[in-house]
Amino acid sequence: MPDTAVLPVPPATGLALRRDRCVIEVSVLRLPMLRARLTATGGHWTPGSEFTVTVTLPFSRGTATFTAAEVTEEVVIDGRIAGREVRLSGDIRCRDDDSLVIWAAGISPPPRRRPRQLGRLARALAGRRLRVEIAMEFTR
């Protein structure tokens with residue numbers, strides 16, 4: 001028997017994001033056929049503190065981070081995606097002792113300056129407002 005087998009297991013203090021149960025969808029407002037689904041790379045939440053979700057962005061090879069200062073029945077999530085600030089409003093859809101399901105949506109205004117290194121079509125799309133919708137589950 002290894003030495004570590006007799007040590008007590010530390011209590012689980014937080015909830016981890018289930019990557020298979022996290023959907024982040026970004027669409028161009030008024031052009032719903034132009035949308036992307038993003039994959040979360042990680043996230044955690046400890047009750048009584050802020051939660052953080054990190055997302056891989058396929059179109060810019062970067063990451064986006066969504067955070068919420070506190071989780072109550074109404075959730076306000078601040079994030080940054082594609083160089084834009086976004087504030088999402090939502091609520092808790094399901095909560096029990098072992099899991100928490102959150103849904104939120106919001107609209108990101110267009111950037112003040114359009115990127116110049118993109119092509120004409122990409123610059124036109126970059127100048128539009130984005131709708132961001134997120135649904136995620138945290139479990140022990």
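The values are calculated or read from the model by the stated rules, or taken from the named source; none is laboratory data. Please read these numbers as outputs of a predicted model, since none were measured by experiment. For neighbour counting, all protein chains shown are included, and Cβ atoms are generated from backbone atoms with ideal geometry for every residue, glycine included.
General observations
- Residues of the range 18-45 that turn out to be in a helix (DSSP H, G or I) and touching a residue at least 60 places away in the same chain (Cβ under 8 Å), as a count: 1
- Long-range neighbours under 8 Å by Cβ, at least six apart or interchain, first residue within 14 Å of Arg140 (Cβ to Cβ) and without any contact (Cβ under 8 Å) to a residue 24 or more places away in the chain within the range 90-102, second surrounded by 13 or more Cβ atoms within 10 Å (Cβ to Cβ) and of a type in the set (A, V, I, L, M, F, W, C): Arg95/Val101
- Test result for Ser89, among the hydroxyl-bearing types (Ser, Thr, Tyr) and surrounded by 13 or more Cβ atoms within 10 Å (Cβ to Cβ): no
- Condition check for Arg116: at pLDDT below 80 and over 14 Å from the mean Cα position of the chain (by Cα): yes
- Of the numbered criteria (1) without any contact (Cβ under 8 Å) to a residue 40 or more places away in the chain; (2) under 13 Å from the mean Cα position of the chain (by Cα), the one Ile77 fails is (1).
- Test for Gly62: is it surrounded by 15 or more Cβ atoms within 10 Å (Cβ to Cβ), over 10 Å from the mean Cα position of the chain (by Cα) and not β-branched (Val, Ile, Thr): no
- Pairs with Cβ under 7 Å, 6+ apart, first in the range 61-72 and at negative phi, second part of a loop (DSSP other than H, G, I, E, B): Thr67/Glu50; Ala68/Glu50; Ala69/Glu50; Glu70/Glu50
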